[in-house]
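In what follows, a single structure is set out as C-alpha cells and then discussed.
The values are calculated or read from the model by the stated rules, or taken from the named source; none is laboratory data. Everything numeric in this text was worked out from a predicted model, so none of it was measured. Don't worry about glycine lacking a Cβ; one is built from the backbone with ideal geometry, like all the others, and counts go over all protein chains shown. SASA here: full protein model, heavy atoms, side chains in, ligands and nucleic acids out. Shrake-Rupley method; radii C 1.70, N 1.55, O 1.52, S 1.80 Å.
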Amino acid sequence: MSLAFKVFALSDLGLLRAGNEDSGLVSSKIVAVADGMGGHAGGEVASRIAIKSLVQTSSNADALLSVANSINLEIANKSKSDPELAGMGTTLTALQINGEVAELLHVGDSRCYAFTGGKLNQLSDDHTVMQELIDQGRITPDEVMNHPQRSLLTQALMGDSEVNPALKLYPITIGDKFLLCSDGLTAVLSDLEISKILKKNSGQELVEELVAETKAKGAPDNVTVIWAEVVSEVEASATELIGAANG
C-alpha cells in the first residue's frame, strides 16, 4: 500500500505584520513551511521561491537535498537582479514521503514535530544562536522564550553562502501524525500548550485552534501551521500552496 499525507493547513497574517512572509506547501507526498525574511517584500519572495521549487522536486532523497542549493542559487540571482530584494532569505522545513520513510529537510527555525501517543516530539533542530547556547549549557530552554535574540538564525537560505541543510529519515506507518509550523507559533505557544490543543482537536479545527490561541496571545508574527497525517493514497490531499506562495 502506498503511503501519503492527509493534510490540514492554515497561514495567518498575525496581529502586527502588514504582509504575510510565510509560505507553505500541502500535497500527498510532501508538506513544507518556509518563513521569509528581509528586504522590500523580500521575505515573501524568498519563501515563495522555496515552496515553488519544492513543488517540482521528485520523490528521492538526493533531489530533496539538492533542492536547498537550487533555492539558494535562485534567491541569489533574484537579489542581484532586483537590489530592493537584497538581504532576503527564508527558512525551510519540508517533510517528504519516500516509500515507507519520511525525509525531513530542514534549514532555520521553522519546526517539524511528530505527535505520538499524546506526546509532542521535536524532530528538527533549530538553527539559532539560542539553540547553540542551550546545547552548550549556557541557558535553559525556558529562558529562550523572552530572550531578545531568540530569533537570530545561524542558518537560512539567503543566497550568500553554501548552505548545509539537515536531512533526517524516519520510518512511518499509517496513523502517524506530524506538525510543521513557522516560529510565529512556537515563539508564542510552548510545546505543552501546543500539545493540549492537539489532544483536544482534530482536522481543520486543530490548525484553526492553534492559530486562534496564538492570536489570543498577541501573534506578533505571521503564523503558519500544517498538520499532516499518514494515510493510504486514496485518502491523500491535493496539492495546495498557502500563504505568500499562493500570491
Legend entry - Subset tally (residues that are of a type in the set (Gly, Ala, Ser) and within 16 Å of GLN96 (Cα to Cα)) for the range 10-25: 1
Legend entry - Only listed residue being hydroxyl-bearing (Ser, Thr, Tyr) and over 21 Å from GLY38 (Cβ atoms), chosen from SER182, SER195: SER195
Inset, instruction - Answer yes or no as to whether ASP35 is within 17 Å of ILE226 (Cβ to Cβ), touching a Lys or Arg at 6+ places or on another chain (Cβ under 9 Å) and open to solvent by 10 Å² or more (accessible area, probe 1.4 Å). - result: no
Inset, instruction - Please indicate, with yes or no, whether at least one residue in the range 178-191 is within 19 Å of THR90 (Cα to Cα), among the β-branched types (Val, Ile, Thr) and under 19 Å from the mean Cα position of the chain (by Cα). - result: yes
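Residue-wise test of (1) farther than 18 Å from SER53 by Cα; (2) of a type outside the set (A, V, I, L, M); (3) surrounded by fewer than 21 Cβ atoms within 10 Å (Cβ to Cβ).
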{"residue": "SER70", "(1), (2), (3)": "no, yes, yes"}
{"residue": "MET88", "(1), (2), (3)": "no, no, no"}
{"residue": "VAL101", "(1), (2), (3)": "yes, no, yes"}
{"residue": "ASP109", "(1), (2), (3)": "yes, yes, no"}
Inset, instruction - Go through the range 97-113 and count every residue that is part of a strand (DSSP E or B) and polar (S, T, N, Q). - result: 1
Legend entry - Pairs with Cβ under 6 Å, 6+ apart, first in the range 179-196 and more than 18 Å from LEU104 (Cβ to Cβ), second of a type in the set (Asp, Glu): GLY184/ASP221
Inset, instruction - Inspect all residues belonging to the range 224-234 and state whether any of them is part of a helix (DSSP H, G or I), touching a strand residue (DSSP E or B) at 6+ places or on another chain (Cβ under 7 Å) and surrounded by 15 or more Cβ atoms within 10 Å (Cβ to Cβ). - result: no
Inset, instruction - Being closer than 14 Å to ILE226 by Cβ and touching a Leu at 6+ places or on another chain (Cβ under 8 Å) is the filter here, so list the residues in the range 11-25 that pass it. - result: SER23, GLY24, LEU25
